[in-house]
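A quick write-up on the structure given underneath.
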Amino acid sequence: MKAKSRWVAGVVGMAMALSWAAGVFAPARAQAGTEPYKVGAVFAITGTASFLGEPEKKTAEMIAEEINAQGGINGHPLQLIIYDDESDATKSTLAVKKLIKTDQVPVIIGPTQSDASLAVAPIAEEAQVPLISCAASYKIVEPVSERRWVFKVAGSDKHVVGKMYDYMKAKGITKIGIMTASTGFGASGREELLRLAPEYGITVLADERYGPKDTDLTAQLTKMREAKVEAIVNWSVGPTQVLAVKAWRDLKMDNIPLYQSHGFGSRKNIELAGGAAEGVLLPLARVNVGPLLPDTQPQKKVIMAYTQAYEKKYNEPVSSFGGHAWDSLHLAVAALKAVGPDPAKIRDFLENTKGFVGQHGIFNFSPQDHNGLSKDDLEMVVVKNGDWALAPW
Amino acid sequence: MADIFHGAAWLQYALGGLTIGAIYALVALGYNIIYNVTEIINFAQGEFVMLGGLFGVFYYQTCGLPLGPALLAAVATVALVGLLLERYVIRRARHATVLSMIIVTIAFSILLKGGAMLAWGKDPYRLPPFSRSGAFLWHGVAVQPQALWVLGIGAVVVGALTVFFRTSFYGKAMLACADNADAARLTGIPVRTMVLLSFGLSAAVGAVAGVSICPITLMEYDRGALLGLKGFGAAVLGGLGQFYGALVAGIVLGLAESFCAGYVSSGYKDAVALVLLMLALFFKPEGLFGSKEAAGLKRF
Amino acid sequence: MSSREKTAFVGLTVFLAVFPWVSALSRSFSHYVDVMIFAGIFSLVTIGLSLLMGFAGQISLAQAAFFGIGAYGSGILTGHFHWNPWAAMLAGVCVAAAVAWVVGVPALRLKGHYLAMATLGFGVIVHIVMNEEVDWTGGPSGLGGIPGIRLAGRKISGDAAWFYLVWAFVLAAFLFSRHVLHSRVGRALRAIHDDEKAAEAMGVPVSSLKVQVFVYSAVLAAVAGSLYAHYVSFLSPGSFDLMWSIRFVLMVVFGGMQSLWGALVGTVLLTFVGNEWLQVFADFEILVYGGILLVMALFVPQGLVVWMDAFFRRRSRLQPTPSDGGS
């Protein structure tokens, strides 16, 4: 016979066998006891955004363990199926399709990143499976008419910018310069900074963008100084936000207050800046500053419980990102508890959820608002003595 | 006060451009050393820079060595990686086509990047500046002492390499290998050893670049590719194999980038160096300082 | 076609025809059809690249850029300007071809390393433009709301329909490329690959042929990009970066550069490996890819398909078929 076609057949056969084996083993786990309730999750556990996805995965796994240790949801064990999209929107779409078709989950949490969430939103719509994204872009849930099945638990950039502008207004600042990274995160921040400025009586005198791998930001900061701004806003994640702080300090520009986005909200950044970060201001979700909150704050209890459990289990500080996973998974669990594993009922339940106390705020969903947060769910924070402190108003 | 600042903007851009340009020049030197001996372009050159920075962090922070010895140890370790690359990878592919050789060095660069990601994670790391003093103002320009270090180191390395290749026995022997490996072998030059040395030396120069910018720019696992690409731009622009050419071209690229960021658009500044690279490739592939005849003789 | 290749091709067609049905039979691999759609889209890119690498002996690290030009061409023209998707695809392809020609003419005068670096630089520039031209491309936040494709008055919807559409393109590209390889052009390309100077001396128009193959590879990549845009309906620059260019090269090298079958098999296998079978590798994936690339280039330079072909031939002691040039 023809050798080539024979081995083509061989490869095909091998592929089929492998996939069959994979298929046989997957559902085998789910047999024991009461029918488990499934929740699908897609996080960027590896790849460029792993610093977001990793704590999300850890948090979700921790919560699943806790819930199952307490007897599950109405007696049904919680089966959490997590896929890694490797920070790649293409892989995210494949993972969500797999969750819907093969695993047949009634609700999905994630993806981690905005672009991946925007890519999978139409899939969730078409399959009519509720999806609770952990990413920030407001486009994920708007327009609501096209996003009936999509929710998100990360605050929108408009809230962060709103909080920041509120604070500037209180300090009498009207002329600012903004510098943003050319990533999805930076671009979305820039859009909101420019859009909301007039509403708060703020003029943007300098608007600079730079690459996420840039090694030198003195040029951008020099331009800020040239433009005689009263405050600088930097909006990026990763090393560039530390470079911005260092350059700001080295250029002796510390008489002009530097605001960072909530992306700066990790103590590692303060350490990396090596003392240069003193006085940097940023709006942060309360999950980052649990111990600083007054006991009367309604979120204090859930935040401290999560913070202590997470830090004990993984021996690393909590992050906003893990908080997103907490919020999305607990919302999914609350829905499963109330209405069972029926996608349509879960959707309706989520849309009508009010006063849900989470890590990132108190969620009040409605048919017009699939995010449920506001700028009041943020705190203005300042770097003081190498740590966070609530900023004085 | 405002007047001084106004006059200082372009100076500030120039200083930033000089600093980053010196780094590109060091990366370009790495390409040139290997190219001079073997006529191979090593796509893993940028990864040597990344590794230099991260090993510096490893010896200084993790092992607790004093800064000086830690930096030397980092350079030595990366040089060793370069030697291993030649001995166990390049030598095996010696008779392969140019295409295979390119794929081999790309594969090696992916391995280095992946290895660094597993070893150090994805976070950036920083080293302390080589001298303790902080930034100072000079004519309204903020000067980081580390930038002066980078410039000085760049100049010293270029000078040393030129002297090495022009006057020392080993240097001349290495150049002979590139001109005609068979003839070199006949005159008793151990060609294999020379090729091995060139990879070690090139990796070491890359590592020097890595440790010297780490205090300014921080370093993380995926920095290598872009640094490597821009360094290659400097190497081509200066004429492959030309050390002074690399220095001048590196600084030209750095200045072009910095002024583009300052006066045109920050977002497109990476494109500036690349567009210059493409223009050089298309219109003057022998570079600004290379001779056309010499370029015609080369294998690639 | 030799008779054995014909058998293989018929086998492939039958396999593709039944694939959506078979995979739908079991819930466990009902999503394999989605993976295969992506594998098909990537195959279009790698078929072109394999022609360039295996037959013209040139490497391009810019295929992801051409893929992106096709994708954004379609996305922008249908999204912003409400063009017909097919017209948009054609326009994207023309742009990619023109760009490839402009880049290719000077770059292909250069050899080996220079071309690799020139395409690498070009790819990075295109990626920067996608990130920066926010008004057109949506920048890093991505470009959404791209409409689907209609064919013969019907909207292509559902995974099976997309599967057949994409793989019809792949088979067409495969057959056409095969035809090219067996024509005079193909013989000239092989002459270039073996010895460029000798080919030139024999009157083969070396540079112009290389440019033509480069443009052809860009055209296939742009078609793939356009299909990707309409299928996913959302684009972001991350899907068209340098890592993807390297992945395409890897797919070709893995399957075998000197065989169109190699490109196909390499692409399908690696797409499944990356998305399905090696999820356990997670962060190690990059090491696995680097390792595969290194091992293949050093020890199995002819690639999986040719290697296995030779292996099976030795086993079955078959006489080599004389007219097997294209595989």
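Quick check on region C:232-255. Is at least one of its residues without any contact (Cβ under 8 Å) to a residue 40 or more places away in the chain and either in contact with a Cys (Cβ under 7 Å, 6 or more places away or on another chain) or not in a helix (DSSP H, G or I) (or both)?
No, region C:232-255 has no match at all.
Looking at (1) touching a residue at least 40 places away in the same chain (Cβ under 8 Å); (2) surrounded by fewer than 14 Cβ atoms within 10 Å (Cβ to Cβ); (3) outside the structural domain of A:Ile100 (by TED's automatic domain parsing); (4) in a helix (DSSP H, G or I), can you tell me which one A:Glu311 breaks?
The one condition A:Glu311 does not meet is (1).
Within region A:200-226, how many residues are more than 7 Å from chain B (Cβ to nearest Cβ) and not aromatic (Phe, Trp, Tyr)?
Final tally of qualifying residues: 12.
Of the residues that sit in region A:43-98 and are among the small types (Gly, Ala, Ser) and in a helix (DSSP H, G or I), which one is nearest to the chain's Cα centre (by Cα)?
First pass over region A:43-98, keeping only residues among the small types (Gly, Ala, Ser): A:44, A:47, A:49-50, A:53, A:60, A:64, A:69, A:71-72, A:75, A:87, A:89, A:92, A:95.
If we keep only those that are in a helix (DSSP H, G or I) as well, we get A:50, A:53, A:60, A:64, A:69, A:89, A:92, A:95.
Working: A:Ser50: 12, A:Gly53: 9, A:Ala60: 13, A:Ala64: 19, A:Ala69: 27, A:Ala89: 15, A:Ser92: 15, A:Ala95: 18 Å.
Per the stated criteria, the residue is A:Gly53.
Using the structure shown, decide if B:Val104 is out of contact with any Asp or Glu (no Cβ under 8 Å at 6 or more places or on another chain), buried (at least 16 other Cβ atoms within 10 Å of the Cβ) and closer than 23 Å to C:Glu285 by Cβ.
On the way: out of contact with any Asp or Glu (no Cβ under 8 Å at 6 or more places or on another chain): yes; buried (at least 16 other Cβ atoms within 10 Å of the Cβ): yes; closer than 23 Å to C:Glu285 by Cβ: yes.
It is true that B:Val104 is out of contact with any Asp or Glu (no Cβ under 8 Å at 6 or more places or on another chain), buried (at least 16 other Cβ atoms within 10 Å of the Cβ) and closer than 23 Å to C:Glu285 by Cβ.
Are there any pairs, at least 6 apart or on different chains, whose C-beta atoms fall under 6 Å, with the first in region C:305-325 and at pLDDT 75 or above and the second assigned to a loop (DSSP other than H, G, I, E, B) and among the hydroxyl-bearing types (Ser, Thr, Tyr), and if so, which?
Within 6 Å, the pairs are C:Val305/C:Ser259; C:Val306/C:Ser259.
Pick from B:Ile189, B:Ile216: which is more than 14 Å from every other protein chain (Cβ to nearest Cβ) and at pLDDT below 90? So that I can check it myself, show each step before the final result.
Working: B:Ile216 fails: more than 14 Å from every other protein chain (Cβ to nearest Cβ).
Criteria check complete, one pass: B:Ile189.
So the check is Cβ under 6 Å with 6+ separation or different chains; which pairs have a first residue in region B:122-133 that's within 10 Å of B:Gly53 (Cα to Cα) and touching a residue at least 60 places away in the same chain (Cβ under 8 Å) and a second one that's among the small types (Gly, Ala, Ser) and buried (at least 18 other Cβ atoms within 10 Å of the Cβ)?
From region B:122-133, the pairs are B:Leu127/B:Gly56.
Starting from region B:15-30, take each residue that is closer than 17 Å to B:Asp270 by Cα and list its partners that are among the aromatic types (Phe, Trp, Tyr), counting only C-beta distances under 7 angstrom and pairs at least six apart or across chains.
That search, which allows pairs on different chains as well, returns B:Gly17/B:Phe259.
With the requirement that a residue be in a helix (DSSP H, G or I) and surrounded by fewer than 20 Cβ atoms within 10 Å (Cβ to Cβ), what does region A:257-301 give you? Break it down into steps so the answer makes sense when it comes.
Filtering region A:257-301 down to residues in a helix (DSSP H, G or I) leaves A:262-264, A:267-272, A:286-292, A:300-301.
The answer is A:Arg267, A:Lys268, A:Glu271, A:Val289, A:Pro291, A:Leu292, A:Lys300, A:Lys301.
For the structure I just gave you, tell me whether A:Leu118 is at the interface with chain C (Cβ under 10 Å from one of its Cβ atoms) and of a type in the set (A, V, I, L, M, F, W, C).
On the way: at the interface with chain C (Cβ under 10 Å from one of its Cβ atoms): yes; of a type in the set (A, V, I, L, M, F, W, C): yes.
Yes; evaluated as a whole, the condition is true for this residue.
From (1) assigned to a loop (DSSP other than H, G, I, E, B); (2) touching a residue at least 60 places away in the same chain (Cβ under 8 Å); (3) surrounded by fewer than 24 Cβ atoms within 10 Å (Cβ to Cβ); (4) at the interface with chain C (Cβ under 10 Å from one of its Cβ atoms), pick out the condition that doesn't hold for B:Asn42.
(3)
Just need a number here: residues in region B:52-72 that are free of Cβ contacts under 8 Å to residues at least 60 places away in the same chain, of a type outside the set (Val, Ile, Thr) and surrounded by fewer than 19 Cβ atoms within 10 Å (Cβ to Cβ).
7
Based on this model, can you work out whether A:Ala136 counts as crowded, with 22+ Cβ neighbours inside 10 Å and either touching a residue at least 40 places away in the same chain (Cβ under 8 Å) or touching an Asp or Glu at 6+ places or on another chain (Cβ under 9 Å) (or both)?
Working: crowded, with 22+ Cβ neighbours inside 10 Å: yes; either touching a residue at least 40 places away in the same chain (Cβ under 8 Å) or touching an Asp or Glu at 6+ places or on another chain (Cβ under 9 Å) (or both): yes.
Criteria met by A:Ala136.
Taking only region A:341-382 into account, find how many residues are part of a strand (DSSP E or B) and not aromatic (Phe, Trp, Tyr). Outline the logic, then answer.
First pass over region A:341-382, keeping only residues part of a strand (DSSP E or B): A:356-357, A:362-363, A:366, A:369, A:378-382.
From what is left, the residues that are not aromatic (Phe, Trp, Tyr) are A:357, A:362, A:366, A:369, A:378-382.
Residues that pass the stated criteria total 9.
Can you tell me which residues in region C:60-101 are outside any helix (DSSP H, G or I) and not polar (S, T, N, Q)? Give the derivation first.
Restricting attention to region C:60-101, the residues satisfying the condition of being outside any helix (DSSP H, G or I) are C:60-62, C:80-84.
Passing the criteria: C:Leu61, C:Ala62, C:His80, C:Phe81, C:His82, C:Trp83.
Looking at B:Leu151, B:Leu127, which one is within 17 Å of B:Leu26 (Cβ to Cβ), part of a loop (DSSP other than H, G, I, E, B) and not aromatic (Phe, Trp, Tyr)? Write out each step before concluding.
Numbers: B:Leu151 fails: part of a loop (DSSP other than H, G, I, E, B).
B:Leu127 is the lone residue from the list that is within 17 Å of B:Leu26 (Cβ to Cβ), part of a loop (DSSP other than H, G, I, E, B) and not aromatic (Phe, Trp, Tyr).
How about region B:237-284: which of its residues are assigned to a helix (DSSP H, G or I) and of a type in the set (D, E, K, R)? Explain how you work it out, then say what you get.
Of all residues in region B:237-284, those assigned to a helix (DSSP H, G or I) come to B:237-238, B:243-264, B:269-283.
Within region B:237-284, B:Glu257, B:Lys269, B:Asp270 qualify.
Which is under 23 Å from A:Gln220 (Cβ atoms), modelled with pLDDT of 90 or more, of a type outside the set (S, T, N, Q) and under 11 Å from the mean Cα position of the chain (by Cα), of B:Ile33, B:Ile23?
Selected residue: B:Ile23, the only one of B:Ile33, B:Ile23 that is under 23 Å from A:Gln220 (Cβ atoms), modelled with pLDDT of 90 or more, of a type outside the set (S, T, N, Q) and under 11 Å from the mean Cα position of the chain (by Cα).
Pick out the one residue from A:Thr203, A:Thr215 that is modelled with pLDDT of 90 or more and polar (S, T, N, Q). Show your work before the answer.
Details: A:Thr215 fails: modelled with pLDDT of 90 or more.
Going through A:Thr203, A:Thr215 in turn, the sole match is A:Thr203.
Which of the residues spanning region A:84-93 are at pLDDT 90 or above and either facing chain C (nearest Cβ under 9 Å) or surrounded by fewer than 23 Cβ atoms within 10 Å (Cβ to Cβ) (or both)? Break it down stepwise before answering.
Our first condition is that a residue be at pLDDT 90 or above; within region A:84-93, this holds for A:92-93.
Of everything in region A:84-93, just one residue is at pLDDT 90 or above and either facing chain C (nearest Cβ under 9 Å) or surrounded by fewer than 23 Cβ atoms within 10 Å (Cβ to Cβ) (or both), namely A:Thr93.
If you check A:Gly211, A:Gly279, A:Gly290, A:Gly263, which single one turns out to be at positive phi and either of a type in the set (S, T, N, Q) or in contact (Cβ under 8 Å) with a residue 24 or more places away in the chain (or both)?
Result: A:Gly279 is the single residue among A:Gly211, A:Gly279, A:Gly290, A:Gly263 that is at positive phi and either of a type in the set (S, T, N, Q) or in contact (Cβ under 8 Å) with a residue 24 or more places away in the chain (or both).
So, restricting to helices (runs of 4 or more DSSP H) that lie completely within region A:131-232, which ones have at least 1 residues that are more than 30 Å from A:Lys252 (Cβ to Cβ)? First the steps, then the outcome.
Working: elements: A:157-170, A:184-196, A:218-226.
It comes to A:157-170, A:184-196.
The values are calculated or read from the model by the stated rules, or taken from the named source; none is laboratory data. The structure presented is a predicted model; accordingly, all values stated were derived computationally and were not measured. We place every Cβ from the backbone using ideal geometry, glycine too, and count neighbours over all the protein chains shown.
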